[in-house]
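Novice: Please read through the structure below; I'll follow up with questions.
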Amino acid sequence: MSNPGKVKVGIIGSGFEADIHAASFQIMPEEAEVVAVASPTPGHPETLAERYQIPRVFHDYREMLKEPDIEMVTIAAPNYLHARMTGDIARAGKHVVCEKPLCMTLDEADEMIEVCRKQGVLLLYAEELFFTPKYVKAKEMADQGAFGKVYLVKQSEKHFGPHSPWFWDVEKSGGGVFMDMGCHGIAFCYWFLGRPAIRSVLCQMGTYVHADKTRGEDNSFCILEFENGTVGLVENSWARRGGMDDRVEVYGEGGVTYANLHMGNALETYSEYGYGYAVEKAPSTQGWSYPVYEELWNYGFPQEMRHFARCVRGKEEPQATGEDGRVVMEALYAGYHSAGTGCKINLPFRPQGVQRPIELWRK
Ligand SMILES: NC(=O)c1ccc[n+]([C@@H]2O[C@H](COP(=O)([O-])OP(=O)(O)OC[C@H]3O[C@@H](n4cnc5c(N)ncnc54)[C@H](O)[C@@H]3O)[C@@H](O)[C@H]2O)c1
């Protein structure tokens, strides 16, 4: 590739995940630098720009896309905007990093992959669990045969619900916790096992705690059967109190490993008075809490963004792509349909006319 310097990055969004993107590039600054941020929320992009010394601020991302030096744009905006933004970024000739879930529908996923292919730009899928050091270590051990033949992989992520109103609005999010966090677990099992085809999906879900604020499910169980006979079990909750919980279990005929991402990397803390640390999604720091150190690093966000920048320079092959996001989307469709019908759904599964995956559960 011709440009030897750092990859120039623009960020779309100025909320929770945009902050993580900006912080990640700051933590690992060798390969890329954030030169612009675009978000319509009054005051927010300016605040983000000030926090991370980002020189250019835009309120309309399409204006940012006119900047000729920007090579890669990260999308940290609500799910319903991902497909449209990807098309605009690709047509501006810039590489795309799209947050999870990839988009709202399989049609959108196909369009996103196609437009990026046609424009000759990368479509990189921001699934940080592929870069989470503890989970990467578990995969390395499994690949080396430490557990013998793996028959079950479990991934779960649970907390008491997201921070922004749009997550609760299924028109903008596409679904509840299964869409929001089940996408991580599905991607994780698929990646961990070396990307075998998913043969079937069986799901149960319900809205147990937050029916006053959403039509989306706030708890879900999902069983994936892979073509090699291995099973994935993905558990998610927006109903779990006590802060964030993210963990993995791997079972093989010759061994097992447990990886507890938060409490396993935390200070076991009791405080009568509380303290000024934002334990993610925990309501309070009084009493028992589990503050995680180096949280972004432990999650793999800086490593992920560095990898994406290196892909743009041709130094690495993409490890998380639009195709991965599409596989996840098909499993999400099948999962919602399974929960709606009570049946196990075999893949390929391609119902027509879907606008939001959750429609397949709650018609
Ligand atoms: N990888 C992860 O672990 C992870 C964690 C949280 C969120 N996410 C994903 O990141 C995305 C953003 O989530 P969030 O938590 O940052 O939400 P958020 O509500 O905190 O922020 C959303 C941002 O999008 C911006 N936005 C809205 N409309 C826009 C538009 N038309 N143009 C440009 N910007 C616009 C808003 O101004 C806001 O800054 C979602 O897809 C979410 O699923 C991923």
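Novice: Residues in segment 301-315: is at least one more than 16 Å from the chain's Cα centre (by Cα) and polar (S, T, N, Q)?
Specialist: The answer is no; no qualifying residue exists.
Novice: Right, here's the next one. Of the residues that make up segment 110-119, is at least one in contact with a Cys (Cβ under 9 Å, 6 or more places away or on another chain) and not assigned by TED's automatic domain parsing to the domain that holds N228? Spell out the reasoning first.
Specialist: Step one: filter segment 110-119 for residues in contact with a Cys (Cβ under 9 Å, 6 or more places away or on another chain), giving 111-112.
When the remaining residues are screened for being not assigned by TED's automatic domain parsing to the domain that holds N228, the result is 111-112.
Within segment 110-119, one or more residues are in contact with a Cys (Cβ under 9 Å, 6 or more places away or on another chain) and not assigned by TED's automatic domain parsing to the domain that holds N228.
Novice: Please specify each residue of segment 170-193 satisfying the condition of being out of contact with any helix residue (DSSP H, G or I) (no Cβ under 9 Å at 6 or more places or on another chain) and within 11 Å of the ligand (Cβ to nearest atom).
Specialist: M181, the sole residue that qualifies.
Novice: Moving on. Counting only residues that are surrounded by 17 or more Cβ atoms within 10 Å (Cβ to Cβ) and touching a strand residue (DSSP E or B) at 6+ places or on another chain (Cβ under 7 Å), which one in segment 337-363 is nearest to L122 (Cα to Cα)?
Specialist: L347
Novice: Of everything in segment 278-296, what is β-branched (V, I, T) and at pLDDT 75 or above? Give them in sequence order.
Specialist: Going residue by residue through segment 278-296, those that are β-branched (V, I, T) are 279, 285, 292.
Listed by number, the residues that qualify are T285, V292.
Novice: Next up: Among the candidates F160, F178, F147, single out the residue that is of a type in the set (F, W, Y), out of contact with any Phe, Trp or Tyr (no Cβ under 6 Å at 6 or more places or on another chain) and outside any loop (DSSP other than H, G, I, E, B).
Specialist: Criteria check complete, one pass: F178.
Novice: Based on what the data block shows, is L65 under 22 Å from R306 (Cβ atoms), out of contact with any Leu (no Cβ under 8 Å at 6 or more places or on another chain) and either in contact (Cβ under 8 Å) with a residue 40 or more places away in the chain or buried (at least 24 other Cβ atoms within 10 Å of the Cβ) (or both)?
Specialist: no
Novice: Take segment 191-218 and flag every residue that is touching an Asp or Glu at 6+ places or on another chain (Cβ under 8 Å) and among the aromatic types (F, W, Y).
Specialist: Listed by number, the residues that qualify are W191, Y208.
Novice: Turning to a different aspect of this structure: Taking segment 120-142 on its own, how many of its residues are more than 20 Å from the chain's Cα centre (by Cα), outside the structural domain of V96 (by TED's automatic domain parsing) and touching a residue at least 12 places away in the same chain (Cβ under 8 Å)?
Specialist: Adding up the residues that qualify gives 2.
Novice: Pairs under 7 Å by beta carbon, first residue within 13 Å of E17 (Cβ to Cβ) in segment 39-51, partner more than 10 Å from the ligand (Cβ to nearest atom), six or more apart or different chains?
Specialist: That search, which allows pairs on different chains as well, returns L48/A22; L48/I54.
Novice: Something else now. For I75, state whether it is surrounded by 20 or more Cβ atoms within 10 Å (Cβ to Cβ), more than 23 Å from Y190 (Cβ to Cβ) and assigned by TED's automatic domain parsing to the domain that holds S24.
Specialist: Taking the combined requirement at face value, the residue does not satisfy it.
Novice: Only one residue in A320, A266 is over 24 Å from E71 (Cα atoms) and touching a strand residue (DSSP E or B) at 6+ places or on another chain (Cβ under 7 Å), so which one is that? Steps first, please.
Specialist: Working: A320 fails: over 24 Å from E71 (Cα atoms).
A266 is the lone residue from the list that is over 24 Å from E71 (Cα atoms) and touching a strand residue (DSSP E or B) at 6+ places or on another chain (Cβ under 7 Å).
The values are calculated or read from the model by the stated rules, or taken from the named source; none is laboratory data. Just so it is clear, the model here is predicted, and its values are computed rather than measured. Note: ideal-geometry Cβ built from the backbone for every residue, glycine included; neighbour counts use all protein chains shown.
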